[in-house]
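Colleague: Following this message is one structure expressed as structure tokens.
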Amino acid sequence: MWDVTTVKKGFLYWANHSGDEILEDFDIYLDSKVLESETEKVCSGLIFRRSSAGWDHGGYAFMICNSGAFHVSYHGENDWEDISGWQYSTAIQPRDWNRIEVSARGDDFTFLINSLVVYEMTDGRQKKGDLALFVQITDQNPARVVFDNFGLQPR
């Protein structure tokens, strides 16, 4: 659980998966829930294929937010790049448990929220990397986010 009680300009924090394995193809899922928040600007998600050399060498993020929106992005040497755009999905249950999933096979990715495919893409910039969980709060309100049922299957 992340309990963010003081936010000055916004908050982004991630915790790397503890495995030593650098993943290429995989299926991953995670349940997350915002327990407490005074805002809809609380997001949680997965970072995947993040270069062990650091963000400037590439990595992807998939997040869902309390507002009912989700987003897929890529970070490279030129900062964050929007891939999916902010999209709203009725699959997201604000203030309830949500399962987010990513399936990666080569350059092809499938993104699911609560077992519903919400986005698919082909992107060959990052072939392998680390995994992490993250929380993002884009305003100065505190929040409490919990995670459960992390599953990973290398392919």
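The values are calculated or read from the model by the stated rules, or taken from the named source; none is laboratory data. These figures come from a predicted structure and were not determined experimentally. Neighbour counts are summed over all protein chains in view; Cβ atoms, including those assigned to glycine, are modelled from backbone coordinates with ideal geometry. To get the accessible areas, we keep the full protein, side chains included, count just its heavy atoms, and leave off ligands, DNA and RNA. Shrake-Rupley method; radii C 1.70, N 1.55, O 1.52, S 1.80 Å.
Colleague: I need a count of the residues in segment 135-155 that are over 19 Å from Arg95 (Cβ atoms) and part of a strand (DSSP E or B). Give the steps one after another, and end with the answer.
Modeller: Quick first cut of segment 135-155, residues over 19 Å from Arg95 (Cβ atoms) only: 140, 150-155.
Checking the rest, the ones that are also part of a strand (DSSP E or B) come to 150-154.
Matching residues across segment 135-155 total 5.
Colleague: For segment 69-80, name all the residues that are under 17 Å from Thr138 (Cα atoms) and modelled with pLDDT of 95 or more.
Modeller: Ala69, Phe70, His71, Val72, Ser73
Colleague: If you take the residues in segment 101-155 that are surrounded by fewer than 16 Cβ atoms within 10 Å (Cβ to Cβ) and among the aliphatic types (A, V, I, L, M), which one is nearest to Ser84 (Cα to Cα)?
Modeller: That would be Met121.
Colleague: List, please: which pairs have Cβ atoms under 6 Å, are six or more places apart or on different chains, and start with a residue in segment 55-81 that is surrounded by fewer than 15 Cβ atoms within 10 Å (Cβ to Cβ) and end with one that is hydroxyl-bearing (Ser, Thr, Tyr) and at pLDDT 90 or above?
Modeller: Trp80/Ser73; Glu81/Tyr74
Colleague: Determine, yes or no, whether Lys33 is under 23 Å from Arg155 (Cα atoms), of a type in the set (D, E, K, R), more than 12 Å from the chain's Cα centre (by Cα) and open to solvent by 40 Å² or more (accessible area, probe 1.4 Å).
Modeller: Details: under 23 Å from Arg155 (Cα atoms): no; of a type in the set (D, E, K, R): yes; more than 12 Å from the chain's Cα centre (by Cα): yes; open to solvent by 40 Å² or more (accessible area, probe 1.4 Å): yes.
In short, no.
Colleague: Let me ask another. Test each condition in (1) within 19 Å of Ala143 (Cβ to Cβ); (2) out of contact with any Lys or Arg (no Cβ under 8 Å at 6 or more places or on another chain) for Arg95 and report the one that comes out false.
Modeller: So the condition that Arg95 fails would be (2).
Colleague: Check whether at least one residue in segment 94-105 is within 21 Å of Gly151 (Cβ to Cβ) and assigned to a loop (DSSP other than H, G, I, E, B), and report yes or no.
Modeller: Yes, some residue in segment 94-105 is within 21 Å of Gly151 (Cβ to Cβ) and assigned to a loop (DSSP other than H, G, I, E, B).
Colleague: A follow-up question, please. In segment 84-100, what residues are open to solvent by 60 Å² or more (accessible area, probe 1.4 Å) and touching a residue at least 40 places away in the same chain (Cβ under 8 Å)?
Modeller: Pro94, Arg95, Asp96, Trp97, Arg99
Colleague: Residues being over 19 Å from Ser89 (Cβ atoms) and of a type in the set (Val, Ile, Thr): count how many of those fall in segment 40-76.
Modeller: Taking segment 40-76 and keeping what is over 19 Å from Ser89 (Cβ atoms), we get 47-59, 74-76.
Those still in the list that are of a type in the set (Val, Ile, Thr) too: 47.
Of the residues in segment 40-76, 1 are over 19 Å from Ser89 (Cβ atoms) and of a type in the set (Val, Ile, Thr).
Colleague: In addition: Name the pairs: first residue in segment 127-155 and under 15 Å from Leu46 (Cα atoms), second residue open to solvent by 60 Å² or more (accessible area, probe 1.4 Å) and at pLDDT 85 or above, Cβ to Cβ under 6 Å, at least 6 apart or on different chains?
Modeller: Lys128/Glu24; Gly151/Tyr29
Colleague: Limited to segment 8-47, what total is found for residues that are of a type outside the set (S, T, N, Q), part of a strand (DSSP E or B) and modelled with pLDDT under 65? Before you say what the answer is, go through the steps one by one.
Modeller: Taking segment 8-47 first, the residues of a type outside the set (S, T, N, Q) are 8-15, 17, 19-31, 33-36, 38, 40-43, 45-47.
Then keep just the ones that are part of a strand (DSSP E or B); that gives 11-15, 23, 26-31, 33-36, 42-43, 45-47.
Add one more test, that the residue is modelled with pLDDT under 65, and what stays is 11-15.
Number satisfying all stated conditions: 5.
Colleague: When you check Val117 against the structure, is it of a type in the set (Val, Ile, Thr) and at pLDDT 95 or above, yes or no?
Modeller: Details: of a type in the set (Val, Ile, Thr): yes; at pLDDT 95 or above: yes.
Here the answer is yes, as Val117 does meet what is asked.
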